[in-house]
Amino acid sequence: IDMAIMTVVMGLTLWLLGVPAFLGLALIAGIAQFVPTVGPLIAAIPGVLLAFTVSPLTALWTAIAYFTVSQLEANLVYPLIQKQTASIPPALNLFAILALGMLLGPLGVLLATPILVVISVFVIQLYVRGTLGKDAPVPGA
């Protein structure tokens, strides 16, 4: 869902700015969402370079658009989607990304959310349901 939203929003934004090959660039921006933090930065490079073929001002607006859209997506859209699909509080997810990023580097950043969901399911299944006997929703169920 997150990648689709980014693809559509960047496609419309690049089209409005008059950037050539806006559909391909939007697809790259959407796919780059798979890699947290650096994905949008890497996706912005070809977009800004192609925008220079129109004008330096268009390239500046394109860079601003990539930054703004990726920040809105990372700080607003993604946490809301994450909370709905995995029942993981955004603050806990951010902590997991920071902690595993420090421990494992870029691999930790990529694997933090899936590991957090697995730990959450284990805690709910083994401790909350098994030990306490309370019914609790399992993330993603």
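Cα-based radius of gyration for segment 14-56, normalised by 2.2 N^0.38 Å, reads 1.12.
Helical runs assigned H by DSSP (4 residues or longer) give the chain a calculated mean residue ellipticity at 222 nm of -22500 deg cm²/dmol, each run adding -39500 (n - 2.57) before division by the residue total. Taking the structure as given and computing Rg/Rh (Cα atoms, Kirkwood Rh), which label from (i) 0.96; (ii) 1.12; (iii) 0.93 fits? Checked against the structure: label (ii).
Taken together, the values in this text are just the output of simple stated rules run on the coordinates, not laboratory data. Treat the numbers as computed from the prediction; the structure is a model and nothing was measured.
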